[in-house]
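Okay, structure first, notes after.
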Amino acid sequence: MEIKIFETEEALANYAADLFEETILRKPDCVLGLATGASPEPTYAELVRRYTQGRISFAQVTTFNLDEYCGLPRDDKNSYYSFMQAHLFSHIDIPADHIHIENGNAEDYEEEAKAYDAQILASGGIDLQLLGIGTNGHIGFNEPADAFTEHTFRIKLSDSTIAANSRYFTDSKIPEYALTMGVAGIMMAKKIVLIATGSKKAQAIKDTASGPISPRCPASVLRLHRDAVLLLDREAASLL
Ligand code: F6R
């Protein structure tokens, strides 16, 4: 696993956007795995800029998001569908039917999860997977556990994730469950790039980079991936 440390948020976002640009130019019909949250926001802004400048097109790109809350209407301002529309999809030329996000309102979550994994497989698999990391070391919504998770499934969010993400739910209650790609599913991506910024992520990054490879810190599994890179700012890297 490679580690790169950047002096500014802009330099980090530019580097992450370069990885996306290279992937799209090399393979215009590539499959991208996407994350939500604060960490990827500057990268999405940079990708929108590059699209607007005519450097890249998403016309043939397919995307799969990592996760979605359960029981939140798709158009709720806190759904990950809304996040992706606001930060990326509504600004670029990706066709609506190329976008995939788990249906957090599915009647049968197991069926939804199976169908989601089947779609990823049928697309040829994810070429470039973007990740953030929770303060507890989660990737996607794969919370610390006794065993690594496998494919897409419904998870009960941990107290620390609920506490961390409650900041967005100013006038409603944060859902307790989410659908998430599993760790094994994430590890099937050909290339993985994880973004972490800020001192709140420092311990999780230390555990990821040098703790035991353990489901107690799900991101530590990335050390077993042949092409994974952590993009960090100085604060997130401060305990390395
Ligand atoms: C989001 C996701 C989560 C976040 C993580 C960090 O799709 O899968 O793992 O990446 O919770 O969130 P931020 O970037 O908001 O600190």
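The values are calculated or read from the model by the stated rules, or taken from the named source; none is laboratory data. Bear in mind that the values here come from a model prediction, so they are computed numbers and not experimental data. Cβ: placed from backbone, ideal geometry, glycine included. Neighbour counts: every protein chain shown. Keep in mind that these areas ignore ligands, DNA and RNA; they rest on the heavy atoms of the full protein, side chains included. Shrake-Rupley method; radii C 1.70, N 1.55, O 1.52, S 1.80 Å.
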Between L121, S158, I213, whose Cα lies farthest towards the positive end of the dipole of the chain when Lys and Arg beta carbons carry +1 and Asp and Glu beta carbons carry -1, centred on the Cα centre? I213
Cross-link pairs beyond the 23 Å C-alpha cut-off, checked among K4/K27; K114/K201; K4/K206; K77/K190: K4/K27; K114/K201; K77/K190
Count the DSSP beta bridges whose two residues both fall in the chain, then state the antiparallel fraction as a percent rounded to the nearest 5. 25 percent
For K191, which aspartates and glutamates qualify as cross-link partners when the Cα separation must be under 15 Å and same-chain residues fewer than eight apart are set aside? E2, D18, E21, E22, D127, D227
For K200, list the aspartates and glutamates whose Cα falls under 13 Å from its own Cα; do not include residues on the same chain fewer than 8 positions away. D233, E235
HN-Hα couplings for region 76-84 via Karplus (6.51, -1.76, 1.60; θ = phi - 60°), in whole Hz with x for Gly/Pro, come out as 4, 5, 9, 6, 6, 4, 5, 4, 5
Per DSSP H run of at least 4 residues, take -39500 (n - 2.57); add these up for the chain, divide by its residues and hand me the 222 nm value, nearest 500 deg cm²/dmol. -9000 deg cm²/dmol
Between the alpha carbon centres of region 174-240 and region 70-135 the gap in Å comes to 20 Å
By the gyration tensor of its Cα atoms, with a ≥ b ≥ c the square roots of the eigenvalues, what is the shape of region 1-102: rounded for a/c under 1.5, prolate for a/b over b/c, or oblate? oblate
How large is the dipole of region 78-232 about the Cα centre if only Lys and Arg carry +1 and Asp and Glu carry -1, each at its Cβ, rounded to the nearest 20 debye? 860 debye
Give me the percent of accessible area attributable to carbon and sulfur for the chain, probe 1.4 angstrom. 50 percent
Please check which bits of region 118-158 a label hung off D227 would reach, taking the label as a point 7 Å along Cα-to-C-beta and the cut-off as backbone N under 15 Å. 124-130
